[in-house]
1. Within region 134-157, which residues are surrounded by 11 or more Cβ atoms within 10 Å (Cβ to Cβ), farther than 15 Å from S90 by Cβ and not aliphatic (A, V, I, L, M)?
2. Which condition breaks for I122 when tested against (1) within 20 Å of S167 (Cβ to Cβ); (2) among the β-branched types (V, I, T); (3) modelled with pLDDT of 95 or more?
3. In this structure, is E114 surrounded by fewer than 20 Cβ atoms within 10 Å (Cβ to Cβ), in a helix (DSSP H, G or I) and within 15 Å of the chain's Cα centre (by Cα)?
4. Name the pairs whose Cβ atoms lie under 6 Å apart, with the first residue in region 21-32 and assigned to a helix (DSSP H, G or I), the second of a type in the set (G, A, S), and 6 or more positions between them or separate chains?
5. Could you identify the single residue in E109, E113, E97, E146 that is in contact with a helix residue (DSSP H, G or I) (Cβ under 8 Å, 6 or more places away or on another chain), farther than 18 Å from T53 by Cα and not small (G, A, S)?
6. Report yes if G74 is more than 21 Å from the chain's Cα centre (by Cα) and either modelled with pLDDT of 95 or more or on the phi > 0 side of the Ramachandran plot (or both), otherwise no.
7. Residue check: is F70 touching a residue at least 24 places away in the same chain (Cβ under 8 Å), surrounded by 13 or more Cβ atoms within 10 Å (Cβ to Cβ) and not in a helix (DSSP H, G or I)?
8. Quickly run through region 99-111 and pick out the residues that are under 16 Å from R158 (Cα atoms) and either at pLDDT below 85 or within 10 Å of the chain's Cα centre (by Cα) (or both).
Amino acid sequence: MSIECYNVCKSVGGASTNNNKLKERLGNAWNELGVYYKHTAATGTEQDYSAKTSLCDESYKCIIKGLTLFKETGSVPNQALLNANLGSLSRLLAAIEHQKQVKEGGGAEFSSEERSHYNRSIDYYNKGKTLLKRSSNHPTIWLNIEMDLCNVYYEFGRAIQDRPPLSRVSVQEVLH
């Protein structure tokens, strides 16, 4: 409902309102909706992985809409936060991919799809850090991104060590 209200506001009187403030409110609303879809996918008890993936797709679309609006307003802290949300979403997609493989009788080896999701997650978190430039700019956001990035590397390393893709790479490559 709030997204509809902000869009109507933009269309009927956007020029007479504080346009950047309106864009930020709309960006926040899109982000919140994206986070809602992400949490729904993460906490859903359903075993339908296509439904979880669809929720993640919706989450991605919403967060990107919010990110686009924050780019237009130049709100660096919000851009960093939304990149972190995209990193979290990519990490969730890696977990969903593994769950799907296990259910289908696979999952013994770390998959290239999981690797792709983890790498994308790392890229998003690093983009958030790059936007902030240094830890003294918005230290709380920086610290949260650092902690999440550390967790992604830990999960990535643990997954590839526990389920090495030995059909594709050597033991040395896995452990290096």
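1. Correct list: S135, N137, H138, P139, W142, N144, E146, C150, G157.
2. The single condition I122 does not satisfy is (1).
3. So E114 does not fit the description; no.
4. Filtered contacts from region 21-32: G27/G66; A29/S2; W30/G66; N31/G66.
5. E146
6. For G74, the condition - more than 21 Å from the chain's Cα centre (by Cα) and either modelled with pLDDT of 95 or more or on the phi > 0 side of the Ramachandran plot (or both) - is not met.
7. Working: touching a residue at least 24 places away in the same chain (Cβ under 8 Å): yes; surrounded by 13 or more Cβ atoms within 10 Å (Cβ to Cβ): yes; not in a helix (DSSP H, G or I): no.
No, not satisfied.
8. So in region 99-111, the residues under 16 Å from R158 (Cα atoms) come out as 99, 107-111.
Answer for region 99-111, where residues must be under 16 Å from R158 (Cα atoms) and either at pLDDT below 85 or within 10 Å of the chain's Cα centre (by Cα) (or both): G107, A108.
The values are calculated or read from the model by the stated rules, or taken from the named source; none is laboratory data. Values in this document were obtained by computation on a predicted structure and should not be read as measured data. Here Cβ is always computed from backbone atoms with ideal geometry, including for glycine, and neighbour counts include all displayed protein chains.
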